[in-house]
Amino acid sequence: MILYLIRHGETASNRDGLGLGRGDVPLTDAGLQQAAALGARLAGEPLDRVLVSPLRRARRTAALIVGERGIPVEVRDELIELGVGETEGLSFPVIRERYGDFLAHWQDDDSATVRMPGGESLDDVARRIAPLVDEIPAWPDAAVAIVSHNFVLRLMLCRLLGVPAQRFRATPLGLASLTTVILERGRVSIRALNDRCHLETA
């Protein structure tokens, strides 16, 4: 089985360095171009099923990937991004000024247990997505794409690889990135991680 883990294209919040979690912001023009480049990249690859976060930046990315294939796109609520609470829409300097204690703990080895101010922790997200991730090896589909968000996809990789959630920093995933995972006879292997070659011409 081939599993494509895809992060959505650019939004204004990403571009401007603002906190972004559950905020339902659209793709920028650059983000639309990135998503179209993803679609072109995958046009010649097998794709049987697409699962997507309910947020429109992910749904629009998924739509541009699917294109004219006619593949059903399944919205899955558990794929929504980490709830960043009170840091939504704030710049990093403002977050550092207002929530310095939180940031100090966020850098610790136990960062997965630290809850965003008024939001979720990484462990909360890991528990939310665990049933879905555990379903994947049993899916009969040959090729599945999951279009979601930074923290969700990193934590999915952690669970697939059997490593703790606090190791999420080992798997950086840029905007409009493609990570290809092979699941075969109970084994998980990474064919490509954070692949953004398609953006060179976007």
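The values are calculated or read from the model by the stated rules, or taken from the named source; none is laboratory data. Note that the structure is predicted; figures quoted are calculated from it, not measured. Cβ: placed from backbone, ideal geometry, glycine included. Neighbour counts: every protein chain shown. Ligands, DNA and RNA are excluded from the accessible area calculation, which covers all protein heavy atoms including side chains. Shrake-Rupley method; radii C 1.70, N 1.55, O 1.52, S 1.80 Å.
Below, the figures for the structure above:
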item: Helix 122-135 axis, angle to the chain major axis (alpha carbon atoms, nearest 10°); result: 20 degrees
item: Charged-residue dipole, Cβ positions (Lys, Arg, Asp, Glu), region 1-129 about Cα centre, Debye nearest 20; result: 500 debye
item: The chain - percent of accessible surface contributed by carbon and sulfur, probe 1.4 Å; result: 49 percent
item: Rounded accessible area per residue of region 10-135, 1.4 Å, Å²; result: 48 Å²
item: The chain - mean residue ellipticity at 222 nm from DSSP helices (-39,500 (n - 2.57) per run, n ≥ 4, rounded to 500); result: -10000 deg cm²/dmol
item: Projected label distance in nm at Gln107 and Ile190, using a 7 Å step from Cα toward the beta-carbon; result: 2.4 nm
item: Label point distance in nm, Arg76-Ala138, each placed 7 Å from Cα along Cα→Cβ; result: 1.3 nm
item: Inverse mean reciprocal Cα-Cα distance (Kirkwood Rh) of the chain, Å; result: 17.2 Å
item: Share, in percent, of DSSP beta bridges within the chain that are antiparallel, nearest 5; result: 50 percent
item: Solvent-accessible ranking of Leu27, Leu5, largest area first, probe 1.4 Å; result: Leu27, Leu5
item: For the chain, with +1 on Lys and Arg beta carbons and -1 on Asp and Glu, the positive-most of Ala126, Ala37, Cys158 along the dipole; result: Ala37
item: For Asp134, solvent-accessible area (1.4 Å; no DNA, RNA or ligand), Å²; result: 90 Å²
item: Value of Rg to Rh for region 127-179 (Rh from inverse mean 1/r over Cα pairs, i.e. Kirkwood); result: 0.95
item: Alpha-carbon centroids, region 25-100 and region 139-202: separation in whole Å; result: 14 Å
